[in-house]
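Peer 1: Please find one structure pasted underneath; my questions will follow.
The values are calculated or read from the model by the stated rules, or taken from the named source; none is laboratory data. It should be emphasised that the depicted structure is a prediction, and the values quoted were computed from it without experimental measurement. Glycine gets a Cβ as well: all are built from the backbone with ideal geometry, and neighbour counts include every protein chain shown.
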Amino acid sequence: MENGIEIPIISHEDIRNIADNFLKQYHPNREIPVPIEEIIEFQMEKDIIPLPGLHQSFEVDGFTSSDLTSIYVDEFVYTSRPGRYRFTLAHEVGHIMLHKEIYQKANFQNLKEWKNFINSISEKNHSWLEYQAYAFGGLVLVPHEHLEKLTLSYVKSIREKEISFKENWDFAWDLIAAKLAKKFEVSTQVIEKRLDKDKIRKQYT
């Protein structure tokens, strides 16, 4: 606990359930890529505000206002890095869904106060908050059923090209991760974490 702020302990499975309920409410057809920007602006009715130099000055791609009405995103990410932009939005929605009471209690009014709020939290607890939002973002943008189905399809395709998983394990999974990242419109890093967390890659060992 720092400055009267209690950090919640939320298991990965609980985050998965919250992400699943989020999709049921805001994107019930679960088609991909998940239209996270449209969900935020038109259904959640929150403002997305590009901010020049955010990453350069504060080493973050985005942050959410204390009243949870606005998501600020680094302007370069907003205009030039679509996959990173989408994940930043999903990550910030994770904070809104998982850490609402913390943000409201912090009551920061500007970027400087937000940074002071972040600095008031221990490194361990800050890492925990960011992990939870990261996990939520990946679960929302990469729904399990699509990940499992598409991975199977790409594995079959690679095997049909006579690429051996046993002999070319890393190469084969690099190809699959790249294909999945393009389909979900996220980074390969997000895909790789989801493949490992959902134990999908292990099915093909």
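Peer 1: For the condition in the same structural domain as PHE136 (by TED's automatic domain parsing), on the phi > 0 side of the Ramachandran plot and more than 14 Å from the chain's Cα centre (by Cα), what is the one hit in GLU38, GLU75, GLU31, GLU45?
Peer 2: GLU45
Peer 1: A further question follows. What's the total number of residues in the stretch 191-205 that are surrounded by 12 or more Cβ atoms within 10 Å (Cβ to Cβ) and either at pLDDT 95 or above or within 18 Å of HIS12 (Cα to Cα) (or both)?
Peer 2: Selection size over the stretch 191-205: 8.
Peer 1: In the stretch 178-205, which residues are in contact (Cβ under 8 Å) with a residue 60 or more places away in the chain, outside any helix (DSSP H, G or I) and among the hydrophobic types (A, V, I, L, M, F, W, C)?
Peer 2: Once the filter is applied, which keeps residues that are in contact (Cβ under 8 Å) with a residue 60 or more places away in the chain, outside any helix (DSSP H, G or I) and among the hydrophobic types (A, V, I, L, M, F, W, C), the stretch 178-205 yields only VAL186.
Peer 1: Now a separate question. Just checking, how many residues over the stretch 45-59 are surrounded by 18 or more Cβ atoms within 10 Å (Cβ to Cβ) and assigned to a loop (DSSP other than H, G, I, E, B)?
Peer 2: 1
Peer 1: Let me ask something additional. Which ones in the stretch 26-44 are in a loop (DSSP other than H, G, I, E, B) and touching a residue at least 40 places away in the same chain (Cβ under 8 Å)?
Peer 2: If the condition is that a residue be in a loop (DSSP other than H, G, I, E, B) and touching a residue at least 40 places away in the same chain (Cβ under 8 Å), then ARG30, ILE32, PRO33, VAL34, MET44 are the ones that fit.
Peer 1: Within the stretch 156-177, is there a residue that is closer than 30 Å to ILE96 by Cα and assigned to a helix (DSSP H, G or I)?
Peer 2: Scanning the stretch 156-177, I find at least one residue that is closer than 30 Å to ILE96 by Cα and assigned to a helix (DSSP H, G or I), so the answer is yes.
Peer 1: Consider the stretch 68-100. How many of its residues are among the hydroxyl-bearing types (Ser, Thr, Tyr) and crowded, with 21+ Cβ neighbours inside 10 Å?
Peer 2: The qualifying residues number 4.
Peer 1: Does TYR103 fit the bill of being more than 23 Å from GLN189 (Cβ to Cβ), in the same structural domain as SER127 (by TED's automatic domain parsing), touching a helix residue (DSSP H, G or I) at 6+ places or on another chain (Cβ under 6 Å) and crowded, with 16+ Cβ neighbours inside 10 Å?
Peer 2: Here the answer is no, as TYR103 does not meet what is asked.
Peer 1: Continuing with this model, one more query. Could you list, in sequence order, all residues of the stretch 96-132 that are part of a helix (DSSP H, G or I), touching a residue at least 12 places away in the same chain (Cβ under 8 Å), closer than 13 Å to PRO8 by Cβ and more than 15 Å from the chain's Cα centre (by Cα)?
Peer 2: Correct list: LYS100, ILE102, TYR103, LYS105, ASN125.
Peer 1: Next up: Of these, VAL93, VAL73, which one is within 26 Å of ALA177 (Cβ to Cβ), outside any helix (DSSP H, G or I) and modelled with pLDDT of 95 or more?
Peer 2: The conditions single out VAL73.
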